[in-house]
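Asks: Have a look at this one before I ask anything.
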Amino acid sequence: MKLNQIINLHKGLTAFVVVGLMIFYNNFTVAPFVYLALHGTYGLLWLLKEKIFPDPYFKEKISFLSALTGFIFLGTYWVAPYILISSQKSVPNIVIAASISINIIGVFLHFASDAQKYFSLKLKKDLIKEGFFKNIRNTNYLGEILIYLSFSILSMSFIPFAILAIFFFIVFLPRMIKKDKSLTKYKSFEEYKKKTGLFLPKLNA
């Protein structure tokens, strides 16, 4: 199996999982519908991204055990909708608004920067220092973190925040460090690194 197949399966199932939770807990209030719209649409956009500008990193082959473990690990992202829907929480409008705003910013940064990276590298294998990567070396990861942060905010529970923190230190951060190591092959990388932040812009750059 390939890593992208497991990720795509999880992304594609998310909308159905959220709808299933809504039906099971008979919760059809505004917040679950907002969550469905945000996370469900993100899953759809991810599948479209896979068709238009896929990430070659996710094409690597993995064992069945790794695939199963990975799917269960990704499944922890469904804790947020479970808590939101099963608890029958009344979510304040300001929390819903904040979640939507952060999600939109995250989607923009994530998909637009991934598109820039994909098509730039397709034209020329070189260090990308302009556009979305002018001040931040991993704008795509920043966008993805913001997306899942918006889901955590909407759940109004500390548990999804803890899960996101675990993903950051186990998945996102190691990948960003690995990427930095791979970019050292470019002569201008050290200078570029001094002017940019790992996933947030440098204030003194």
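The values are calculated or read from the model by the stated rules, or taken from the named source; none is laboratory data. Since this is a predicted model, take the numbers as computed values, not measurements. Positions of Cβ are generated from backbone atoms using ideal geometry, with glycine treated the same way; all protein chains shown enter the neighbour counts. Quick note on the areas: whole protein, heavy atoms, side chains included, nothing else; ligands and nucleic acids left out. Shrake-Rupley method; radii C 1.70, N 1.55, O 1.52, S 1.80 Å.
Asks: Sequence gap of 8 or more, or different chains, plus Cα separation below 17 Å: how many lysine pairs satisfy both in segment 41-131?
Replies: 10
Asks: Can you pull out the trypsin sites (Lys or Arg not before Pro) in segment 67-136 that DSSP calls coil and that have at most 12 other Cβ atoms within 10 Å? Working shown, then result.
Replies: Working: sites: LYS89, LYS117, LYS122, LYS124, LYS125, LYS129, LYS134; in loops: LYS89, LYS124, LYS125, LYS129, LYS134.
Of the trypsin sites (Lys or Arg not before Pro), the ones in loops of segment 67-136 whose Cβ has at most 12 other Cβ atoms within 10 Å are LYS124, LYS125.
Asks: What number in nm² do you get for the chain if you take the convex hull of its Cα atoms and divide its surface by four?
Replies: Values: hull surface 48.7 nm².
Result: 12.2 nm².
Asks: Over segment 88-205, one equal point on each Cα, no solvent: what is log10 I(q)/I(0) by the Debye formula at q = 0.11, 0.15, 0.19 Å⁻¹?
Replies: So the normalised log intensities are -0.43, -0.74, -1.04.
Asks: With every protein chain left in place, what is the accessible area of ILE153 in Å² (1.4 Å probe, nearest 10)?
Replies: Here the residue's solvent-accessible area equals roughly 40 Å².
Asks: I would also like to ask the following. Which helices, counted as full DSSP H runs in the chain, have an axial Cα extent of no less than 24 Å and a Kyte-Doolittle average of 0.0 or above? Intermediate values should be presented prior to the final figure.
Replies: Numbers: long enough: 3-24 (30 Å, 1.43); 30-52 (32 Å, 0.91); 93-123 (45 Å, 1.05); 139-155 (25 Å, 1.08).
Qualifying helices: 3-24, 30-52, 93-123, 139-155.
Asks: Continuing with this model, one more query. Given a 1.4 angstrom probe, I'd like the percentage of the accessible area of segment 57-205 that is carbon and sulfur, rounded to a whole number.
Replies: On the way: 5760 of 8390 Å².
C and S atoms contribute 69 percent here.
Asks: So for the chain, taking the charge dipole from beta-carbon charges (+1 Lys/Arg, -1 Asp/Glu), which of SER155, ILE94, PRO174 sits furthest toward the positive end?
Replies: The residue sitting most towards the positive pole is PRO174.
Asks: For ILE136, enumerate residues with amide H under 5 Å from its amide H, sequence gap 5+ or separate chain, H modeled in the peptide plane.
Replies: Correct list: GLY197.
Asks: Show the residues, 5+ positions off or on another chain, whose built amide H is closer than 5 Å to the amide H of LYS2.
Replies: Under 5 Å from the amide H of LYS2: ILE62.
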